[in-house]
Amino acid sequence: MTTPSTPRRILLIEGHPDPDEHHLNHVLADAYAEGAAAAGHELRRIAIATLDFPLLRSPQDWQHGPVPPTLQGAQDDLAWAQHVVIFFPLWLGDMPAMLKGFLEQVARPGFAFGPEGGNPFGRKGLKGRSARVVVTMGMPALVYRWYFRAHSLKALERNILGFVGFGPIHETLVGMVDKLGDKGVAEWQAKLRKLGGAGK
C-alpha cells in the first residue's frame, strides 16, 4: 500500500458496549486500523466497552463536575487526533446509551466548546478535525437513510460533532448485518481497510 504524503493522527472510537471481539463493529474497526497502519498513519483506539464511568445526571455536573479519571485520557486522545472514526450498532434507532454517555462526559464546556465574541458556544474546541461515523444495523441502510431519515445519525453529526467543530463528517452505513455472511463481511472489511489507508 502506498504511504500517504501526509500521515494523519487517527482516533478510532468503538461504541459497542459489549467487549466481545467477534462483533461486526470490532471486526470493521480492526480492518480500518489495518489499512491506516499499513499506510503510515498514527493510530489510537478507545473501546467504550472497556471503560468504567458514571452517567451525567444534572446540568451542574456537566458544566462544573470533574471529568472522570477513566476518561481524561479520552479527552487527550481527542485533542491529539486530526480525524476521528466512530463505530456503533444501531440500537432502538439510536446509538447505544453507553456511547452517548461517553460523548456527554468528554464533550464538556471548556474543552469541546466555550464562549467567544459574546456567544457562550462560539468557540469550537475541536475545530479542524474531520470525522467518519460507521453504523451497523439490521435493517437495510437505505430504509434507515430514507424512511427513517437517519435521524439519530444526523443528530450526532449536527448536535454533537458539528457543534464542537468537526468537519467534514462522512458516513458509512452497513445494513442487513445478519444476512451479510462471510463474503459480505469480507467485502465490508475491504472497504474499511481502504478508507483507513486513505485516512478518511
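About its Cα centre, region 9-198 has a charge dipole of approximately 740 debye under the convention of +1 per Lys or Arg Cβ and -1 per Asp or Glu Cβ, with nothing else charged.
Mean residue ellipticity at 222 nm from the helices of the chain, using -39,500 (n - 2.57) per DSSP H segment of n ≥ 4 over the full residue count, to the nearest 500 deg cm²/dmol?
On the way: 6 runs with 66 residues, N = 200.
That comes out to -10000 deg cm²/dmol.
Rg and Dmax over the alpha-carbon atoms of region 58-145 stand at 15.3, 45 Å.
Listed highest first by mean packing, meaning other Cβ atoms within 10 Å per residue, what order do 125-137, 55-67 come in?
On the way: 125-137: 19.7, 55-67: 11.7.
Descending mean neighbour count gives 125-137, 55-67.
Using Cα atoms only, what is the angle between the long axis of helix 69-80 and the major principal axis of the chain, expressed in degrees (0 to 90) to the nearest 10? Roughly 70 degrees between the two axes. Taking the C-alpha atoms only, the angle from helix 97-106 to the longest principal axis of the chain is near 50 degrees.
Report, in listed order, any pair from Lys154/Lys200; Lys100/Lys154; Lys124/Lys154; Lys127/Lys154; Lys124/Lys194; Lys100/Lys183 with a Cα-Cα distance greater than 22 Å. All intermediate terms of the calculation are to be shown ahead of the outcome.
Values: Lys154/Lys200 19 Å; Lys100/Lys154 14 Å; Lys124/Lys154 19 Å; Lys127/Lys154 18 Å; Lys124/Lys194 30 Å; Lys100/Lys183 32 Å.
From Lys154/Lys200; Lys100/Lys154; Lys124/Lys154; Lys127/Lys154; Lys124/Lys194; Lys100/Lys183, over 22 Å: Lys124/Lys194; Lys100/Lys183.
By the count of neighbouring beta-carbon atoms within 10 Å, fewest first, Arg108, Arg145 end up ordered Arg145, Arg108. Here, the chain has an Rg and a Dmax of 16.8, 55 Å when only alpha carbons are counted.
Using the Cα gyration tensor of region 84-200, with a ≥ b ≥ c the square roots of its eigenvalues, what is the shape: rounded (a/c below 1.5), prolate (a/b larger than b/c) or oblate (neither)? It comes out prolate by the Cα gyration axes. What residue among Gly199, Pro115, Ala36 has its Cα farthest toward the positive end of the dipole of the chain, where the charges are +1 on Lys, Arg and -1 on Asp, Glu, each on the Cβ? Result: Pro115, furthest along the dipole toward the positive end. For the modelled label position 7 Å from the Cα of Glu104 along Cα-to-Cβ, which residues of region 29-68 have backbone nitrogen atoms closer than 18 Å? Residues 48-49, 51-68 qualify, since their backbone N sits under 18 Å from the label point.
Using Cα-Cα distances under 8 Å and only pairs 6 or more residues apart, what relative contact order does the chain have, in percent?
Details: 344 pairs, mean separation 58.7, N = 200.
With pairs under 8 Å counted, the relative contact order is 29 percent.
Quick check: from the Cα gyration tensor, does region 133-200 come out rounded (a/c under 1.5), prolate or oblate? Note, shape of region 133-200 comes out oblate. Note on the chain: dipole from Cβ charges, positive end direction compared against Leu12, Leu56, Leu126; the farthest Cα belongs to Leu126.
Determine, from the Cβ-Cβ distance of Asp76 and Val185 and an R0 of 45 Å, the FRET efficiency 1/(1 + (r/R0)^6), rounded to the nearest 0.05. Between Asp76 and Val185 the formula returns 0.85.
Computed from Cα atoms, the angle from the helix 24-38 axis to the main principal axis of the chain rounds to 90 degrees.
Bear in mind that the values in this text are calculations on the coordinates, not laboratory data. Quick caveat: nothing in here was measured; it's all calculated off a predicted structure. Here Cβ is always computed from backbone atoms with ideal geometry, including for glycine, and neighbour counts include all displayed protein chains.
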